[in-house]
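**Student:** The structure follows.
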Amino acid sequence: ENESLIPENAIDMDMETRWSSEFSDSQWLEIDLRKTYEISALTIFWEDAYALSYDVLTSLDGQNWTTVYSQSSGQGGYEGVEFQTVEARYIKLSFTQRATEWGYSIREISIDGIDLYGTCNIGEFGLLEGKWKFRLDPNNTGVQDEWFNEDSNGANWTAEIELGKSWEEQGYSGYDDYAWYKKDIFIPAGWADSNVAIVVGGADDAYALYINGQYVASFGSMSSESTSVANTLTNSLIRNYIVPGQLNDFTFRVFDFWGDGGLSGSPIMLVQNGEPNSIDFIKNRLDAQSYYQIKAKPSQSKYYPNWVGGEQAYWTVVGVEADAAESTFCEDGMIQMYNRGPSLMPFIYDSDANEPLFSYADFELTQTLEEDYLPIPKVKWENDDLILSQKLFTTGTADKSLTCVRYTLENKSGGTLDGKLFLTISPFQVNPCWQWGGGMAKIKSIEYNENSKTVKINGKARLIALEAPYNFGARAYLNGYIVDELKTGSITSVSSVNDPFGYASGALQYNFELAAGQQKEYFFVIPLCDDANTISSISTPADFNDKYAETVNLWETKLNQVQLDIPDYEILDTIKSSLAYIFINRDGPMLQAGSGAYEKSWIRDACITSSALLRMGYTEEVRAYLDWISDYVDEHNGKVPPIVIDEDTVDPAWESVYEEYDSQGQYIYTVLQYYLFTKDEVFLEEKWPTVLSVLEFMEDLRAQRLTPEYEGGEFYGLFPESVSHEGYLPPPGVHSYWDDFWGIKGWVDARTIAEILGENDLLAWIDAETADFRQCVYDSITLVQSLKGIDFIPGCAERGDFDAPSTAIAVWPTEESQYLPQDSLLNTFETFWNDQFAPTLDDDPWSYPAYALRISHVFTRLNQRDRAVKMLEQYLKLRRPLAWNQWAEGTLADDRKPWFIGDLPHSWVASIYVNSFRSLFVYEEDDKLILGHGVDGEWLDEGISVTNMPTYYGDISYDMTKVGDNTVAIEVSGAANPDNGFVFKSPFLDREIQFVEINGENVGGFSGNEIPFDTLPVSISIVYYDLPTWDSNDIGSVQATGSLDANDGVYTIEASGDDLWGQLDEGHIVYRQLSGDCELTARVVSIDWTNEWAKAGVTIRESLDSDSRNATMLMTPSGRASFQRRYQTAEYTYGDPIEWNLSLPYWVRLVRTGDTFKAYRSSDGVSWTQQGSTQTISMSEDTY
C-alpha cells in the first residue's frame, strides 16, 4: 500500500505495525524461516482488510511449492490455519479474493511452535529507572541556558520524578511542554572496552539525550506529534560519551504535545557486550503484549488469558465497601491481584496425560456466588477425575483489606490421583487489552521469602501462602514465560529476579496425592494494603475461616435491609448482588460505574445509583457522596463537573474539551432525593447556597440561546450544544433534550427545596424560569417533529433522532412526560418495543445496550406491566457470567468477540435494574404512593411480601396473596403517610373486579383497576367475578382436531385449517352464547409461526357454521392487526387496512351495539386505538 507498510511488519512481533498489499485481488506474501522446520499450523492476525479466498503454500527451496491449505470463506480477525505436518523453510500466502475494497492487511503471522527471533544474550545491563531530578521548562530556555551542563545536585534541581511513569501520574497533571530529567549514573570500570548502548522503551512524545554535557542523539520531533516515540524503542551507542569507573551526568530533554508526557516507557537501561543482534532482539520483545498474543496462537492459547488469544472474557470484582483497591476474578479462575496488577493463574500437571499441563481450557467451568447472591465468587474446574474449586472473598476495611483465596482439589476418580498444582504469577491483567488500562501488568521484580512464605512483587508483599510450596521459581521476560517451564513438570528454583522490561513471571509448586474422594485445600492471602497488622491478621487456615464467616455475616446483614420475597428468586438474588457491586465499586465517598476502566465518578451515574440506594434503605453512602461532590461545584459559576477521576481531581477533558449540561439538574435532584428519604433539613440548609449557584449557572446557560438570532428556531431557549450523555461525540455535540429534561428537573426540585426552607422570595423567579424553559423545550420538540416528519420524541434538536433509552428519563426520573405530546410519547416506546426490543425475545443469545433497561420503569408508569416484567426477565439473560448477577455496559450476541464492554460489574446498569425492580412494588407520584403496579399476577399463587421499603413518606410493608380463584388478599402496614394517600393497582388487569373490601367493609370509589385508601394499617380484599366457562369446537374442514386448555384465565388453543378468510372459515373456536349488545376483550399472548397469516383474536359470529356472518378482530405472529368481516352468509370476507409491525403480546377488543361493530387494539389494555372504521352487519340477536 505504501513504503511504511512493508512485508517485514507481518513478522516483527509487533501488533501495532502491519503489512498492506496493493488494492487488487491477486497478491502474495512469502516468508523465509531461515532453516527447515516441521510446521502444521499458523495464525493470521488480520487488520480490517482481510481475504475471503487464499491458499497457503510451503517449499523447501523457494522454487517448488505445495498447497497445504485453501480458504474460500475467510472471516478475518484472528484466523487459525491448520494442515498436515510438512517440512518447509518457506511459506507463501497466495491471496485471490478480497473482502473489502482495500488490499490485504496483516498485523502479524504466527507460525505455530516457531519463534523467529529465538533467544539472545543481551550482555550485562543496568537499569536507569527510579527517581531522577526533574525540572519543567515551559519557556523553552533550557538549551539556551545549558541545563545539560548543570550539576544535578544544584539549587535548580530539587524536584524528583520516576522514570517509567508519566509526569501526569506524579503531580504534573495537564502539563504539555518541555521538561528535563537529570541523574548521575555510575558506569563500571569494566565497561571501558565495551560497546555500550542506552535503550529507551518510550518517550512521550520526543526527547534529546545529553551525557556529561555533550549532545548524543534525539528521537521524535518536537514540532510534529506524528513522529511521537511514545511507543517506540530507541537506542544510542554511547561509548564515546561516558567515562567508565565514575559517575556520569545523564540528561534528557523531553517534549510532550498533549495527554500523558515524559519518559514513561520501559525498559530504560544501559546494555554492554551483547550479541550483535541484541538491540534488534530487544526491539522485537519491547511490545510484550504483541509478543504474547502472537506466541499464544493457535495451539498454545490455553496457557494464556482468554484475551491474549483474542477472545472476550468476563470477570467480577472482589473487595470491601469504599476501598480503592480490589481484586479482579475472571470467569476462568484467573485472579488479578490488585488494580491493574499481575494475575494468579493455576495449572494442574498430570504426568500420565498426553499433554500433561492442564489449564482452564481443559475443564468444564462453572461459576457461582455464595448463597447465590453474596459477592463471594467461586469458579469450579471439573473433568472426569478432578475438581479444582477457587473461591475469593475480601476482608477488612477501606485502605486495610486483604483478598483471601481458597483452592480446593477434589479427587472424583475411583483411584488415587497424584500430580502438581502450579500457581503462576503472570504479567497479565484480567482486564483485556481492549479495555481502558487493561492488558499487560508490570512485574519488574519478584522475590520469594521462604520464612514468611511471602511473594513480593515490585518490592511489596503481594501474595502470602499459608502452606509453604514445594518449590518456587521466577523468570525474567527475556528468559521466557514461566509456563513454558511448567510443561516439563518442574521449575528451576529461583527465589528472586529483576526484569528491566517489567514482564517477569513466577510460579509456586505444590505436589499432591489424593485418595478417592479426598480433598486438599490451599489458602492464600493477597494484601491490598501495606498495613502490617492487617497483613498479619491471617496466618493459619483457622484465621482464614474465621474471616470468611465474618465476611459472609457482614454481607448478609448489609444486603437484607429491605426484605423482599417473590417466587422469582433469580431476580431477587440479582438485586442483592447489584447492591453489593455498587458498594464495592465505591472508592471512599465516590460512587463509581466500575473499578476498572470506569474507576471514576460520573454524576449522571451517581444520581441514579443514589436513587437506587435510597430506595433500598441506604442513606449514609448517598450523604457521603453529596458532601464530597458538592466541594467540586465551581464556587465562581455553579458548574457541576460531569466527571471526577479520583477523590481530588476533576476530569480535565470535561473541563477543557467536552461539555455536558445534565450534571446541574442531576446534582439538585440528588440533593432533594436525599432529603425526601431522610427529612434532614439541616443538610438541605447546608446545600442550599450550592443549589442556588447551580440555578444561576443554568440560567446563564439558557441565556446563550435566548438571543434574537435563535428566536423562532428549534434551539431557542435550550441548553447549548454538548456531548450530553456521551451519546453525541465528538464535541461540541448537539442540543440534546436529555440535558434539557434534567435542567427542568433541577428547577422543579429546587422549587421544592426553596419551599421547604422558606425561601419564598425566590419562588417567582424559579417558577418563571421553569415555565419558560419547559415551553421552549416542548416548542422545540414540536418544531423538530414537523421539520423532520417524525411522530416520536426525538433525542436532539439537530437530528430528530430516535433514542428511546434517552427519552425514557422524561418519564422517570425527571417526570416531565405529562407535558410532552402524549401520542408521540406513547409511540416512542411502542416503536422501541416493536422494532428494537420485541425481536430480541426470540433471540438467544441477543445483543442490546444495557441502558435501554431504564425503559422497564417507563412501561410500569405507562400501565404496561407485562412489558416491564418481561424486560427485567429478558435482561437477566445479559448477565455475564449469568451466576454472578452482573452486567457490562453492553453485550453482543457473539459474546466472545473482543470489544470494549465499559466495565464489569457496571454500577449504573445495576442501579437502573434496582430502580426498575422497585417500581414494580412501590413508587411515588403526585404525593401518592402507588403500590403493586408491576406485580406479576402469577407470583400470587405463592404470594409476595415487601418489608420495610423506604419511601418519601416513610417505610411501608405489605403482603399479597391469592385466595382461591377469585380473591387477592393484601395486608399493608408501615409509617408511610403521603398527603394524597395510597393507590393499590390490581394485579389482574384482564379480570373485572366485583367488589373490594377494606378493613372488612365493602367499599366503592375505585375506578377500573385502582383501589385508593388513606391510612395504614389496612386489610384489602379484591374480589373478581368468576371466570366464565367456555366451550370449544372446530369450524370448517380442519386437518386435525383442535383443543382448548383453560387455566386461570389463560386459554391455550390448538387449531388447524387453511384460514379464517374467504367464504369459509377453518379453525378452532372457543365460545359462549350471547344475546344483544356485548363487548369482548382478550390479550393475545403468543401465536406459533406456522404461517405469517396464522390468526388469533376475538370474534362475534351468527352461528358456528364455517360460512357464518361474523366480525373478527385478530392478530398474527408477524405483528399484524386486522379487523375483518363477513357481511352475508357464505359471501366473501373483507378487511380494513392492516396495522403492521406490532409485537405480541397485544390486546384486542370487539364491541357490538345493535348492528354496529367496532374493533380496537391496545399494547397495554389501558389505552385503546380503534382498528379500521365502524361497520354495520345485520346479525341476529343471539350470537357466539
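The values are calculated or read from the model by the stated rules, or taken from the named source; none is laboratory data. The shown structure was predicted, so the numbers you read here are calculated from the model rather than taken from an experiment. Cβ placement follows ideal geometry from the backbone for every residue including glycine, while neighbour counts extend to all protein chains displayed.
**Student:** If I filter region 723-747 down to residues being surrounded by 24 or more Cβ atoms within 10 Å (Cβ to Cβ) and among the small types (Gly, Ala, Ser), which single residue comes out as nearest to Ala797 (Cα to Cα)?
**Tutor:** Ser736
**Student:** Check Asp990, Asp959, Asp955 and return the single one that is surrounded by fewer than 18 Cβ atoms within 10 Å (Cβ to Cβ), at pLDDT below 95 and of a type in the set (Asp, Glu). Show your work before the answer.
**Tutor:** Numbers: Asp959 fails: at pLDDT below 95; Asp955 fails: at pLDDT below 95.
Only one candidate passes the filter, namely Asp990.
Condition check ((1) closer than 30 Å to Val271 by Cα; (2) touching a strand residue (DSSP E or B) at 6+ places or on another chain (Cβ under 6 Å); (3) not polar (S, T, N, Q)) across all residues:
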{"position": "Ile31", "(1), (2), (3)": "no, yes, yes"}
{"position": "Glu47", "(1), (2), (3)": "no, yes, yes"}
{"position": "Val81", "(1), (2), (3)": "no, yes, yes"}
{"position": "Ser110", "(1), (2), (3)": "yes, yes, no"}
{"position": "Asp115", "(1), (2), (3)": "yes, no, yes"}
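**Student:** From the list Ile109, Ile122, Ile161, exactly one residue is touching a helix residue (DSSP H, G or I) at 6+ places or on another chain (Cβ under 7 Å) and over 29 Å from Asp12 (Cβ atoms). Which is it? I'd like the intermediate steps shown before the answer.
**Tutor:** Values: Ile109 fails: over 29 Å from Asp12 (Cβ atoms); Ile122 fails: over 29 Å from Asp12 (Cβ atoms).
Of the residues listed, the single one that is touching a helix residue (DSSP H, G or I) at 6+ places or on another chain (Cβ under 7 Å) and over 29 Å from Asp12 (Cβ atoms) is Ile161.
Let's see how each residue does on (1) hydrophobic (A, V, I, L, M, F, W, C); (2) touching a helix residue (DSSP H, G or I) at 6+ places or on another chain (Cβ under 7 Å); (3) in the same structural domain as Asp959 (by TED's automatic domain parsing):
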{"residue": "Ile998", "(1), (2), (3)": "yes, no, yes"}
{"residue": "Glu1010", "(1), (2), (3)": "no, no, yes"}
{"residue": "Ala1040", "(1), (2), (3)": "yes, no, no"}
{"residue": "Asn1047", "(1), (2), (3)": "no, no, no"}
{"residue": "Ser1056", "(1), (2), (3)": "no, no, no"}
{"residue": "Leu1060", "(1), (2), (3)": "yes, no, no"}
{"residue": "Asp1065", "(1), (2), (3)": "no, no, no"}
{"residue": "His1068", "(1), (2), (3)": "no, no, no"}
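**Student:** If you take the residues in region 572-583 that are more than 22 Å from Gly954 (Cα to Cα) and not hydrophobic (A, V, I, L, M, F, W, C), which one is surrounded by the fewest Cβ atoms within 10 Å (Cβ to Cβ)? Spell out how you get there, then give the answer.
**Tutor:** We begin by selecting, within region 572-583, every residue more than 22 Å from Gly954 (Cα to Cα); these are 572-574, 577-578, 580-583.
Now restrict to residues that are not hydrophobic (A, V, I, L, M, F, W, C): 573-574, 577-578, 581.
Numbers: Asp573: 18, Thr574: 26, Ser577: 26, Ser578: 27, Tyr581: 26.
The residue in question is Asp573.
**Student:** Still on this structure: What are the pairs with Cβ atoms under 7 angstrom where one residue, in region 171-197, is in a strand (DSSP E or B) and the other, located anywhere, is hydroxyl-bearing (Ser, Thr, Tyr) and modelled with pLDDT under 95? Sequence gap at least six, or different chains.
**Tutor:** Pairs that qualify, where the first residue is in a strand (DSSP E or B) and the partner is hydroxyl-bearing (Ser, Thr, Tyr) and modelled with pLDDT under 95, are Lys182/Ser152; Lys183/Ser152; Asp184/Ser152; Ala197/Ser236.
**Student:** Residues of region 1009-1045 being touching a residue at least 40 places away in the same chain (Cβ under 8 Å), assigned to a loop (DSSP other than H, G, I, E, B) and surrounded by 12 or more Cβ atoms within 10 Å (Cβ to Cβ), which ones?
**Tutor:** Matches in region 1009-1045: Leu1016, Leu1027, Trp1030, Gly1036.
**Student:** Could I ask something else about it? Restricting to region 862-877, and then to whatever is without any contact (Cβ under 8 Å) to a residue 60 or more places away in the chain and within 16 Å of Asp1164 (Cβ to Cβ), can you tell me which residue is surrounded by the most Cβ atoms within 10 Å (Cβ to Cβ)?
**Tutor:** Within region 862-877, the first condition is being without any contact (Cβ under 8 Å) to a residue 60 or more places away in the chain, and the residues that meet it are 870-871, 874-875, 877.
With the extra rule that they be within 16 Å of Asp1164 (Cβ to Cβ), the set shrinks to 870-871.
On the way: Lys870: 19, Met871: 26.
Filtering region 862-877 for residues that are without any contact (Cβ under 8 Å) to a residue 60 or more places away in the chain and within 16 Å of Asp1164 (Cβ to Cβ), the one surrounded by the most Cβ atoms within 10 Å (Cβ to Cβ) comes out as Met871.
**Student:** Do you know which of the residues in region 994-1008 that are free of Cβ contacts under 8 Å to residues at least 12 places away in the same chain and in a strand (DSSP E or B) is farthest from Ala969 (Cα to Cα)?
**Tutor:** Ser1007
**Student:** Out of curiosity, is Phe257 more than 30 Å from the chain's Cα centre (by Cα) and either touching a residue at least 40 places away in the same chain (Cβ under 8 Å) or closer than 30 Å to Pro589 by Cβ (or both)?
**Tutor:** yes
**Student:** Condition check: under 31 Å from the mean Cα position of the chain (by Cα), farther than 30 Å from Ile756 by Cα and part of a loop (DSSP other than H, G, I, E, B). Does Glu714 satisfy that? Walk me through how you get there before you give the answer.
**Tutor:** On the way: under 31 Å from the mean Cα position of the chain (by Cα): no; farther than 30 Å from Ile756 by Cα: yes; part of a loop (DSSP other than H, G, I, E, B): yes.
The answer is no for Glu714.
**Student:** Answer with yes or no whether Glu997 is more than 27 Å from Val562 (Cα to Cα) and either touching an Asp or Glu at 6+ places or on another chain (Cβ under 9 Å) or of a type in the set (Asp, Glu) (or both). Walk me through how you get there before you give the answer.
**Tutor:** Details: more than 27 Å from Val562 (Cα to Cα): yes; either touching an Asp or Glu at 6+ places or on another chain (Cβ under 9 Å) or of a type in the set (Asp, Glu) (or both): yes.
Taking the combined requirement at face value, the residue satisfies it.
**Student:** Out of Gly171, Gly103, Gly154, report the one residue that is out of contact with any helix residue (DSSP H, G or I) (no Cβ under 7 Å at 6 or more places or on another chain) and outside the structural domain of Ala217 (by TED's automatic domain parsing).
**Tutor:** Values: Gly171 fails: outside the structural domain of Ala217 (by TED's automatic domain parsing); Gly154 fails: outside the structural domain of Ala217 (by TED's automatic domain parsing).
Of the residues listed, the single one that is out of contact with any helix residue (DSSP H, G or I) (no Cβ under 7 Å at 6 or more places or on another chain) and outside the structural domain of Ala217 (by TED's automatic domain parsing) is Gly103.
**Student:** Of Gln886, Gln874, which residue is under 30 Å from Met960 (Cα atoms), under 22 Å from the mean Cα position of the chain (by Cα) and not in a helix (DSSP H, G or I)? Lay out the reasoning, then the answer.
**Tutor:** Numbers: Gln874 fails: not in a helix (DSSP H, G or I).
Just a single option satisfies the conditions, and that option is Gln886.
**Student:** Any idea which of Ile944, Ile901, Ile930 is within 23 Å of Leu841 (Cα to Cα) and either among the aliphatic types (A, V, I, L, M) or at pLDDT 95 or above (or both)?
**Tutor:** Details: Ile944 fails: within 23 Å of Leu841 (Cα to Cα); Ile930 fails: within 23 Å of Leu841 (Cα to Cα).
One residue alone meets the criteria, Ile901.
**Student:** Have a look at Leu1142, Leu1150 and point out the one that is over 15 Å from His1068 (Cα atoms), buried (at least 18 other Cβ atoms within 10 Å of the Cβ), of a type in the set (A, V, I, L, M) and modelled with pLDDT under 95. Let's see the steps before the verdict.
**Tutor:** Working: Leu1150 fails: modelled with pLDDT under 95.
One residue alone meets the criteria, Leu1142.
**Student:** Moving on to the next point. So, of the residues in region 534-571 that are at pLDDT 95 or above, assigned to a helix (DSSP H, G or I) and exposed (fewer than 14 other Cβ atoms within 10 Å of the Cβ), which turns out to be farthest from the chain's Cα centre (by Cα)?
**Tutor:** By that ranking, first place goes to Ala542.
**Student:** Then there is this: Which of (1) surrounded by fewer than 23 Cβ atoms within 10 Å (Cβ to Cβ); (2) assigned to a helix (DSSP H, G or I); (3) in contact with a Ser or Thr (Cβ under 7 Å, 6 or more places away or on another chain); (4) not assigned by TED's automatic domain parsing to the domain that holds Lys788 does Arg880 not meet, given it meets every other one?
**Tutor:** With (1) surrounded by fewer than 23 Cβ atoms within 10 Å (Cβ to Cβ); (2) assigned to a helix (DSSP H, G or I); (3) in contact with a Ser or Thr (Cβ under 7 Å, 6 or more places away or on another chain); (4) not assigned by TED's automatic domain parsing to the domain that holds Lys788 applied to Arg880, the lone miss is (2).
**Student:** Is there a residue in region 341-358 that is in a strand (DSSP E or B), within 20 Å of the chain's Cα centre (by Cα) and aliphatic (A, V, I, L, M)? Before the answer, list the steps.
**Tutor:** We begin by selecting, within region 341-358, every residue in a strand (DSSP E or B); these are 343-349, 357-358.
Filter again for within 20 Å of the chain's Cα centre (by Cα), leaving none.
For region 341-358, residues in a strand (DSSP E or B), within 20 Å of the chain's Cα centre (by Cα) and aliphatic (A, V, I, L, M): absent.
**Student:** Here's a follow-up. Step by step: first the residues of region 87-136, then only those that are assigned to a strand (DSSP E or B) and among the acidic types (Asp, Glu), then the one that is farthest from Ile282 (Cα to Cα). Which residue is that? Full working, then the answer.
**Tutor:** Narrowing region 87-136 to residues assigned to a strand (DSSP E or B): 87-98, 105-111, 124-127, 131-136.
Those left that are additionally among the acidic types (Asp, Glu): 87, 108, 124.
On the way: Glu87: 29, Glu108: 18, Glu124: 13 Å.
Selected residue: Glu87.
**Student:** State which residue is modelled with the highest pLDDT when the search covers only region 645-668 and only residues that are of a type in the set (Ser, Thr, Tyr) and surrounded by fewer than 23 Cβ atoms within 10 Å (Cβ to Cβ). Walk me through it before giving the result.
**Tutor:** Within region 645-668, the first condition is being of a type in the set (Ser, Thr, Tyr), and the residues that meet it are 649, 656, 658, 661, 663, 667.
Narrowing further to those that are surrounded by fewer than 23 Cβ atoms within 10 Å (Cβ to Cβ): 649, 656, 658.
Working: Thr649: 73, Ser656: 60, Tyr658: 81.
Filtering first and then ranking leaves Tyr658.
**Student:** A follow-up question, please. Could you list, in sequence order, the residues of region 1105-1155 that are of a type in the set (Gly, Ala, Ser) and outside any strand (DSSP E or B)? Walk me through how you get there before you give the answer.
**Tutor:** Of the residues in region 1105-1155, the ones of a type in the set (Gly, Ala, Ser) are 1106, 1108, 1111, 1118-1119, 1121-1122, 1130, 1135, 1143, 1154.
Once the filter is applied, which keeps residues that are of a type in the set (Gly, Ala, Ser) and outside any strand (DSSP E or B), region 1105-1155 yields Ser1106, Ser1108, Ser1118, Gly1119, Ala1130, Ser1143, Gly1154.
**Student:** Sort through Thr534, Thr574 and tell me the only one that's in contact with a Pro (Cβ under 9 Å, 6 or more places away or on another chain) and in contact (Cβ under 8 Å) with a residue 12 or more places away in the chain.
**Tutor:** Exactly one residue qualifies, and that residue is Thr534.
**Student:** Name every residue in region 776-820 that is within 27 Å of the chain's Cα centre (by Cα) and free of Cβ contacts under 8 Å to residues at least 12 places away in the same chain, in order of residue number.
**Tutor:** Listed by number, the list holds a single entry, Asp801.
**Student:** Right, next: Return yes when Asn977 is without any contact (Cβ under 8 Å) to a residue 40 or more places away in the chain, outside any strand (DSSP E or B) and either surrounded by fewer than 16 Cβ atoms within 10 Å (Cβ to Cβ) or more than 41 Å from the chain's Cα centre (by Cα) (or both) and no when it is not.
**Tutor:** Numbers: without any contact (Cβ under 8 Å) to a residue 40 or more places away in the chain: yes; outside any strand (DSSP E or B): yes; either surrounded by fewer than 16 Cβ atoms within 10 Å (Cβ to Cβ) or more than 41 Å from the chain's Cα centre (by Cα) (or both): yes.
Judged against the criteria, Asn977 is a match.
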